[in-house]
Amino acid sequence: MNFQIVAHLAVFMLAATFVAGDTTAKPELHVLAPVTKGNLTIFPVVGGAAGDTSHLLTLDEGLRDGSVIVTEAGSLRGLVRPGSHYPSSGAEVNRLVLVNNSDRPLLLLAGEVVTGGKQDRVIGADRIVPPKSGPIDLSVFCVEPGRWVEASTHFGSMKSQMAQPSVRMPAMAERNQAQVWERVASASSGMRAAVPQAAPTIVATTSYARVMENPEVEKKVASVAADYDGLMHELHKLGARGVVVAVNGRIVWADVFANTDLLEKYWQKLIRSYAAESLVRVGDTEPVSEKAAQAFLDQQNGTREVTETEPGLFRRTEISGDGFKIFKLTALGPNGDYTVHFAKMSMETARPQYEPIGLRR
């Protein structure tokens, strides 16, 4: 770690020690002093009621051990169990099919990218899939305009990172394929400027995953994320459950989980998504206050709320407010309900600052 990171780490460790020793401290979520490198600032989030997620399977775990299968609609031959029925139809841009053959509920997070099939896709909404499920439809968005030729029957995972905030936002909040393509093009354009040595390869592909998995781009993103990789060890000791993220002094995002262990499972992919966002945003680096981050975290009352429920499994809530949106996934069970994942985006700042270089579809 460089000196700046160590200094910031010492400050929030001191703050956390104070909070831990304060028996009057409130159980609500609160931020600690930030860790900053370049134009990326990360505020650890502690406090709040935790939930047990040890039984949940992640998408990466399920795809890795073969218990979870993702495929194009219409490619279900051999996947449907005897006696069950799933209508067969052709492949569609905004639809994939998932089968969870494991004995554990599967957690899917909006922003996870699956690669293969006829196009790479990004998952558009958090959800929990029951164990031993029949085929279910996934709401997805294409992040590879221009290809409609099957690369593989089943999908794999983009293991290096989640989709960065400016790509996650239109999939989650707007549910608009054209806007997702726009943001993919802008992210590619921004990365081409940030990593000029990778420009010829970036120009040659429309795939968001291939851009981010380019060796030169991966190296650049890793150079930003490196100082935050080791931070997870300290976050674990503090019981941190999430982070508030700022780029160029503007708060853009927050991800908060049910517990530290779940944050740790997604940490490598999340920190690289934040690092990628910081690389494609132009502007002067400005400080952002702990007070501003706390205010962003605290503001959860909106003007409109939409709830979807899968009885006995999960509830998904979308809250729209003045300049922000919140997405909350709540697990429902006999032992009580708890929030599995909470994501909040700033609608003003979670936008790219490079113009798209053009769309090929």
May I ask you to list the residues in segment 68-93 that are modelled with pLDDT of 55 or more, touching a strand residue (DSSP E or B) at 6+ places or on another chain (Cβ under 7 Å) and surrounded by 16 or more Cβ atoms within 10 Å (Cβ to Cβ)?
Val68, Ile69, Val70, Thr71, Glu72, Ala73, Leu76, Ala91
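Out of Asp120, Asp126, I need the residue that is surrounded by 24 or more Cβ atoms within 10 Å (Cβ to Cβ), touching a strand residue (DSSP E or B) at 6+ places or on another chain (Cβ under 7 Å) and among the acidic types (Asp, Glu). Which one? Please lay out each step first, then the result.
Values: Asp126 fails: surrounded by 24 or more Cβ atoms within 10 Å (Cβ to Cβ).
Exactly one residue qualifies, and that residue is Asp120.
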Is it true that Val224 is part of a helix (DSSP H, G or I) and not small (Gly, Ala, Ser)?
yes
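The rows are residues; the columns are (1) closer than 20 Å to Tyr228 by Cβ; (2) in a helix (DSSP H, G or I).
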| position | (1), (2) |
| --- | --- |
| Trp148 | no, no |
| Ser152 | no, no |
| Ser160 | yes, no |
| Ser166 | yes, yes |
| Met172 | no, yes |
| Val180 | no, yes |
| Val184 | no, yes |
| Ser188 | no, yes |
| Ile202 | no, yes |
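Quick check: is even one residue across segment 271-278 at pLDDT 95 or above, of a type in the set (Lys, Arg), assigned by TED's automatic domain parsing to the domain that holds Pro44 and farther than 30 Å from Gly336 by Cα?
So the first thing to find is which residues in segment 271-278 are at pLDDT 95 or above, and the list is 271-278.
Filter again for of a type in the set (Lys, Arg), leaving 272.
Okay, now just the ones that are also assigned by TED's automatic domain parsing to the domain that holds Pro44, so 272.
The next check asks that each one be farther than 30 Å from Gly336 by Cα; those that pass are 272.
Taking every residue of segment 271-278 in turn, at least one turns out to be at pLDDT 95 or above, of a type in the set (Lys, Arg), assigned by TED's automatic domain parsing to the domain that holds Pro44 and farther than 30 Å from Gly336 by Cα.
Residues are listed down the side, and each one gets a yes or a no for (1) surrounded by fewer than 21 Cβ atoms within 10 Å (Cβ to Cβ); (2) at pLDDT 95 or above:
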residue: Val149; (1), (2): yes, no
residue: Ser160; (1), (2): yes, no
residue: Arg183; (1), (2): no, yes
residue: Ser188; (1), (2): no, yes
residue: Pro196; (1), (2): yes, yes
residue: Tyr208; (1), (2): no, yes
residue: Val211; (1), (2): no, yes
residue: Lys219; (1), (2): yes, yes
residue: Asp227; (1), (2): no, no
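Suppose the filter is of a type outside the set (Ser, Thr, Tyr), under 21 Å from the mean Cα position of the chain (by Cα) and closer than 22 Å to Val122 by Cβ; does Val184 pass it?
For Val184, the condition - of a type outside the set (Ser, Thr, Tyr), under 21 Å from the mean Cα position of the chain (by Cα) and closer than 22 Å to Val122 by Cβ - is met.
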So Gly239 passes all but one of these: (1) of a type outside the set (Ser, Thr, Tyr); (2) more than 23 Å from Ile326 (Cβ to Cβ); (3) not assigned by TED's automatic domain parsing to the domain that holds Arg121. Which condition number does it fail?
(2)
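Among Thr307, Thr285, which is over 18 Å from Val256 (Cβ atoms), in a strand (DSSP E or B) and in the same structural domain as Ala246 (by TED's automatic domain parsing)? Step through it out loud before you land on a result.
Numbers: Thr285 fails: in a strand (DSSP E or B).
Testing whether each residue is over 18 Å from Val256 (Cβ atoms), in a strand (DSSP E or B) and in the same structural domain as Ala246 (by TED's automatic domain parsing) leaves just Thr307.
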Out of (1) in a loop (DSSP other than H, G, I, E, B); (2) within 19 Å of the chain's Cα centre (by Cα); (3) not hydrophobic (A, V, I, L, M, F, W, C), the odd one out for Lys325 is which?
(1)
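The values are calculated or read from the model by the stated rules, or taken from the named source; none is laboratory data. Because the structure is a prediction, the values reported are computed rather than measured. Virtual Cβ from ideal backbone geometry, glycine too; neighbours counted across all protein chains shown.
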